[in-house]
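Comments concern the structure below.
The values are calculated or read from the model by the stated rules, or taken from the named source; none is laboratory data. Keep in mind that this is a model prediction, so the values were computed, not measured. In this analysis, Cβ positions are derived from the backbone assuming ideal geometry, glycine residues included, and neighbour counts consider all displayed protein chains.
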Amino acid sequence: MTGTIRSFIAVPLPDPAIAAIRLQQSRLKQSISGIRWTRPDNLHLTLRFLGDQPEDSLEKLTETMLSVGDSSYCFQLAFSGIDAFPSWHRGRVLWLGLTQPELVSQLHQKLSDGLLQLGIPEEPRPFRPHLTLGRCRQPMALPQLPAEARSQPVAEFRVDRLVLYQSHLTRQGARHTELCSARLRT
């Protein structure tokens, strides 16, 4: 009998994008309090949270990722637009949007189709591509940011690979370990 691995598939971010996002977080800290900010080593663009998966399924997950990588081309993407889930009036998650969310949605759908063939069901909620900047400790009314701050481009980067991460929950927060990756076509 094998154990399970809490896992997810995401697009990793290059160091310059992480640095730009950290700068944005620093600016936001000046006007917003009560948020647990996402650590630099946890900044990524999640495509699919898989939850607990059997260890012996890793090979099939890797094959699915490689197949999606072989059928998908690299593309440029930019983070732009700050928003909150579920709303600014009752914020729980502060996040960055994307300039071309449809490209990420297409990648997500290819991945979901492949995972469905492995018996991993679709997620119940619709996919909304975003990057989590931070989480509120409790739902709260977030201060309204100036329009230019909410729509300002933050970072641009090239999406060129997918990564399967293991997520370890600790008292200090989640720690992510890269298990395997799949390159997208150039």
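Condition first: aliphatic (A, V, I, L, M), assigned to a strand (DSSP E or B) and buried (at least 17 other Cβ atoms within 10 Å of the Cβ). Now tell me which residues in segment 127-186 satisfy that.
Of segment 127-186, the ones aliphatic (A, V, I, L, M) are 131, 133, 140-142, 145, 147, 149, 154-155, 159, 162-164, 169, 174, 179, 182, 184.
This time we only want the ones that are assigned to a strand (DSSP E or B), so: 131, 133, 140, 154-155, 159, 162-164, 169, 174, 179, 182.
Selection gives L131, L133, M140, V154, A155, V159, L162, V163, L164, A182.
Output yes when any residue across segment 21-28 is basic (K, R) and at pLDDT below 90, and no when none is.
Looking through segment 21-28, at least one residue is basic (K, R) and at pLDDT below 90.
Give segment 1-32 a look and list any residue that's surrounded by fewer than 19 Cβ atoms within 10 Å (Cβ to Cβ) and in contact with an Asp or Glu (Cβ under 8 Å, 6 or more places away or on another chain), or say none.
T2, G3, T4, R6
Give the residues of segment 120-151 that are in contact with a helix residue (DSSP H, G or I) (Cβ under 9 Å, 6 or more places away or on another chain), farther than 16 Å from K29 by Cβ and of a type outside the set (D, E), sorted by residue number.
Hits for segment 120-151 are I120, P121, F127, R128, P129, H130, L131, Q144.
Working only within segment 62-100, note down all residues that are more than 18 Å from the chain's Cα centre (by Cα), under 29 Å from L118 (Cα atoms) and part of a strand (DSSP E or B).
Selection gives Y73 alone.
Take I35 and tell me if it is in contact (Cβ under 8 Å) with a residue 40 or more places away in the chain, touching a Cys at 6+ places or on another chain (Cβ under 6 Å) and crowded, with 19+ Cβ neighbours inside 10 Å.
yes
Of the residues that sit in segment 94-126 and are under 23 Å from N42 (Cβ atoms) and in contact with an Asp or Glu (Cβ under 9 Å, 6 or more places away or on another chain), which one is surrounded by the fewest Cβ atoms within 10 Å (Cβ to Cβ)?
Per the stated criteria, the residue is T99.
Kindly indicate the residue of segment 48-90 that is among the basic types (K, R) and within 30 Å of P153 (Cα to Cα) and also surrounded by the most Cβ atoms within 10 Å (Cβ to Cβ) among those meeting that condition.
So in segment 48-90, the residues among the basic types (K, R) come out as 48, 60, 90.
Imposing the further condition that a residue be within 30 Å of P153 (Cα to Cα) reduces the set to 48, 90.
Values: R48: 21, R90: 13.
Here the answer is R48.
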